[in-house]
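The values are calculated or read from the model by the stated rules, or taken from the named source; none is laboratory data. All figures in this text were calculated on a predicted structure; none of them were measured in a lab. Note that each Cβ is placed from the backbone with ideal geometry, even for glycine, and that neighbours are counted across all protein chains shown. Keep in mind that these areas ignore ligands, DNA and RNA; they rest on the heavy atoms of the full protein, side chains included. Shrake-Rupley method; radii C 1.70, N 1.55, O 1.52, S 1.80 Å.
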Amino acid sequence: MAAIHRTLAVLLLLVAGLAVAANPAHAANPPVCSQYCDTRDPSLARQETFPVGTLLINNRRIVLHLSDADGMAWGSIDAGTEGESVWLDRSFDGGATWEGLLGKAWIPGTWTGTRTLMYNLSDPSHHRRGMVRACGDAHAVACTAWVRPAVCNPACDNAAGGTDAQPVSTVTLAGRSISLHFDAAGMAWGTITNNRAGDEVWLDRSFDGGASWPGGSSLGRTTNGRTNRFNATDPVSYLYGGVVRACGRAVEGQNGACTPWTRPSANRLRGAADALMYSYDPYPSWWPSSWWNSAVALSSVIGYTRRTGDQTHAWAIRRTFDVNRVAFPAGARSSDPVDGHFISRSVDDTAWWGLTWIDAYDLTHDGVYLDEAVTIANYVAGFWDPSTCGGGVWWDRERTYKNAVTIGLYLRLTAALHNRIAGDTAWLNRAVTGWNWFNASGMINSAGLVNDGLTTGCQNNGQTVWSYNQGLAIGAAMELFRATGSTAYQDAARRLGTAALNSSLVQGGVLTESCDRSGQTCDDNQKQFKGVFMRYLAEAGQQFQSFADTQATGLWNGRDPMNRIGSRWAPPAAPPDWRTQASALSALLVAS
């Protein structure tokens, strides 16, 4: 994971040298994992800063060390004698309680000092920002000040100024108006108008969707009518998609009022991307707990990075690749074992990862991603079988089904490899042969729509027309058009696109899966289908741009205050999750 290099700003929360209060957390907590898990060796730290001054206890030196690049801290004691000790305390609730004695280490033998292991400052898996202090016992016990890194993205918290790009919401209190505002960088501030001398206004900030806001309460509290600006994303701590609200209190009473919790968005692409990354877990480095859906979600993040140039989330590409390229037992990433190199018994799941690494290669030009796509494609190609139905790719390792999603993925992947490997003929031959088979297989029905697959008798099985099967067929044809220059493929893509837009996949001008309809619910797979369709439809030509713009406008207008978008892109709304968010981001990326 790429480190974010900047000088660490810190907030000192208590006076150094205070004796330890007897208020630690009572139960032992599991290790916290971010880039690394707790108890990492300090010799591996990529950075060392000293956010507070040295604490002296009977002339022993207690020092708190931080590595912003690792998001971790450790403590040390020097000029001591055998048996004296040092440890860290860590709090996730603003110092009300803490995990104490973390990494406690005693000076051994004839040594004069020792140090703890490293511990994380934040817990992105559970959306918690923490703070730490170093403590020592040298015939007296004392601790440094608590330290919490300031939030910078790129401007740091408590910045003055700012131009109002998006007034969000207002609440009234005793004739005053309390308002929340965002600027073009996504920083937030609060105002109180019609106010009297002594009226207060402040911001609250939460990284867990408004469930709690320890350390994020009363930010910028002032009687001047307007707070300074604060961030809602903390990239150093891998905490994305925070929410804020503006609060105020009238001078003549003790009651206050707050606006609703809202997630800032500098623009709709960034707002949608931050909301998606809220659910990314940086330690296992995926979106728990769907394997192929994580591949498509990462493709959406890659697409965001490529279109906007914003590198905020680019670290997740290599992180996902490095952590997940190994083998996993059944249940760790999928219900099936993963063999390594993103390969599993589900041939279609494997192929999705191949397309993701093609996207990563296109963004970064790093050959490691292209090599991985080749490894994956070789595995998928091993399931091309002309002995049944004259061709096609089996959906699973047991060779039980030939379906649209697997052949669509195979065609897109093989043609994409040809377009990126100089001098290739083998992958192109596979793509052309595969297209000819698919086009004649009967999977495309008389209305120009792609049904789910073939019967055991090699006939169209008449099962549901899903948008992603239609989209993959369009994407495959367009990749073959780029590979060969033959307009026959482009024409085929456009026919498939037009057929979809004239079908029951579009209801009242809105892309609609069968599971989106009244009384039905899309499952975790189906939630992501529409984004795949929109991505590939946009490649087929400008004649589809108006439709793409309509979808983007509708789904964004239907978002909730936290920029979350459900599976339905028209009322009534459906509950959002990260799969629906990834699908929506894909649609937003192809809008004008």
**Request:** Quick one: which residue in TRP98, TRP87 is touching a Cys at 6+ places or on another chain (Cβ under 6 Å) and open to solvent by less than 50 Å² (accessible area, probe 1.4 Å)?
**Result:** TRP87
**Message:** So TRP111 passes all but one of these: (1) hydrophobic (A, V, I, L, M, F, W, C); (2) under 29 Å from ARG61 (Cβ atoms); (3) part of a strand (DSSP E or B). Which condition number does it fail?
**Reply:** (3)
**Request:** Identify all residues within region 521-549 that are surrounded by 16 or more Cβ atoms within 10 Å (Cβ to Cβ) and among the hydroxyl-bearing types (Ser, Thr, Tyr); write none if there are none.
**Result:** TYR536
**Prompt:** Somewhere in region 570-587, is a residue touching a residue at least 60 places away in the same chain (Cβ under 8 Å), among the β-branched types (Val, Ile, Thr), part of a helix (DSSP H, G or I) and open to solvent by less than 30 Å² (accessible area, probe 1.4 Å)?
**Reply:** no
**Asked** So which residues in region 172-205 are closer than 16 Å to VAL251 by Cβ, open to solvent by less than 10 Å² (accessible area, probe 1.4 Å) and touching a Lys or Arg at 6+ places or on another chain (Cβ under 6 Å), if there are any at all?
**Response** ILE192
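Of the residues SER43, SER76, SER67, SER34, which is touching a helix residue (DSSP H, G or I) at 6+ places or on another chain (Cβ under 6 Å), among the small types (Gly, Ala, Ser) and modelled with pLDDT of 90 or more? First the steps, then the outcome.
Working: SER43 fails: touching a helix residue (DSSP H, G or I) at 6+ places or on another chain (Cβ under 6 Å); SER76 fails: touching a helix residue (DSSP H, G or I) at 6+ places or on another chain (Cβ under 6 Å); SER67 fails: touching a helix residue (DSSP H, G or I) at 6+ places or on another chain (Cβ under 6 Å).
From the options SER43, SER76, SER67, SER34, the qualifying one is SER34.
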**Item:** Test: residue in region 386-406 that is within 21 Å of the chain's Cα centre (by Cα), more than 25 Å from PHE529 (Cα to Cα) and open to solvent by 40 Å² or more (accessible area, probe 1.4 Å)
**Value:** no
**Prompt:** Inside region 235-258, can you point out the residues that are crowded, with 22+ Cβ neighbours inside 10 Å and under 25 Å from GLU200 (Cβ atoms)?
**Reply:** GLY242, VAL243, VAL244, ARG245, ALA246, CYS247, GLY248, ARG249
**Fill in**
Taking region 177-233 and keeping residues touching a helix residue (DSSP H, G or I) at 6+ places or on another chain (Cβ under 9 Å), touching a residue at least 60 places away in the same chain (Cβ under 8 Å) and of a type outside the set (Phe, Trp, Tyr) leaves GLY186, ASP208, THR233
**Request:** Report, by residue number, each residue of region 304-325 that is in contact (Cβ under 8 Å) with a residue 24 or more places away in the chain and open to solvent by 10 Å² or more (accessible area, probe 1.4 Å).
**Result:** ARG306, ARG307, THR308, ASP310, THR312, ALA314, TRP315, ARG318, ARG319, ASP322, VAL323, ARG325
**Subset of region 253-300 (residues that are of a type in the set (Asp, Glu) and assigned to a strand (DSSP E or B))** = ASP281
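Hey, among HIS139, HIS127, which residue is within 33 Å of the chain's Cα centre (by Cα) and open to solvent by 20 Å² or more (accessible area, probe 1.4 Å)? Can you show your working first?
Working: HIS139 fails: within 33 Å of the chain's Cα centre (by Cα).
Checking each option against the conditions leaves just HIS127.
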**Request:** Could you check SER546 against (1) over 23 Å from LEU449 (Cα atoms); (2) without any contact (Cβ under 8 Å) to a residue 40 or more places away in the chain; (3) part of a helix (DSSP H, G or I); (4) not aromatic (Phe, Trp, Tyr) and say which number it fails?
**Result:** (1)
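Inside region 182-244, counting only strands (runs of 3 or more DSSP E) that do not spill past its ends, which hold 3 or more residues that are closer than 25 Å to ASP560 by Cβ? It would help to see each step written out before you state the result.
Details: elements: 188-193, 200-206, 219-222.
Passing ranges, in order: 188-193, 200-206.
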**Asked** Would a scan of region 168-176 turn up a residue that is under 30 Å from GLN47 (Cα atoms) and assigned to a strand (DSSP E or B)?
**Response** no
**Residue selected from region 156-171 under the condition among the small types (Gly, Ala, Ser) and farther than 15 Å from LEU219 by Cβ, by the criterion least open to solvent (accessible area, probe 1.4 Å)** = SER169
**Request:** Mind counting the residues in region 342-358 that are open to solvent by 10 Å² or more (accessible area, probe 1.4 Å) and either assigned to a helix (DSSP H, G or I) or among the aromatic types (Phe, Trp, Tyr) (or both)?
**Result:** 4
**Request:** Could you give me the residue pairs with C-beta distances under 8 Å whose first residue belongs to region 488-506 and is under 12 Å from ALA476 (Cα atoms), whose second residue is β-branched (Val, Ile, Thr) and open to solvent by less than 20 Å² (accessible area, probe 1.4 Å) wherever it lies, and which are 6+ apart or on separate chains?
**Result:** ALA493/ILE474; LEU496/VAL450; LEU496/ILE474
**Complete:** Among the residues of region 270-291, the number that are over 15 Å from GLN581 (Cα atoms) and touching an Asp or Glu at 6+ places or on another chain (Cβ under 8 Å) is 2
**Message:** Quick test of your reading of the structure: GLY161 fulfils all but one of (1) part of a loop (DSSP other than H, G, I, E, B); (2) within 23 Å of the chain's Cα centre (by Cα). Name the failing condition by number.
**Reply:** (2)
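Do you know which residues across region 114-146 are outside any strand (DSSP E or B) and within 13 Å of CYS33 (Cα to Cα)?
Let us first name the residues in region 114-146 that are outside any strand (DSSP E or B), namely 116-117, 121, 124-127, 130, 138-140, 144-146.
Those that are outside any strand (DSSP E or B) and within 13 Å of CYS33 (Cα to Cα): LEU121, PRO124, SER125, HIS126, HIS127, GLY130.
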**Request:** Could you list, in sequence order, all residues of region 394-410 that are in contact with a helix residue (DSSP H, G or I) (Cβ under 8 Å, 6 or more places away or on another chain), outside any strand (DSSP E or B) and not aliphatic (A, V, I, L, M)?
**Result:** TRP395, ARG397, THR406, GLY408, TYR410
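Tell me, which residue of region 496-527 that is touching a Ser or Thr at 6+ places or on another chain (Cβ under 9 Å) and hydroxyl-bearing (Ser, Thr, Tyr) is nearest to ASN445 (Cα to Cα)? Can you show your working first?
Residues of region 496-527 touching a Ser or Thr at 6+ places or on another chain (Cβ under 9 Å): 500, 504-506, 509-516, 520-522, 524-527.
In the following step, the residues that additionally are hydroxyl-bearing (Ser, Thr, Tyr) were identified as 504, 512, 514, 521.
On the way: SER504: 14, THR512: 19, SER514: 17, THR521: 26 Å.
It comes out as SER504.
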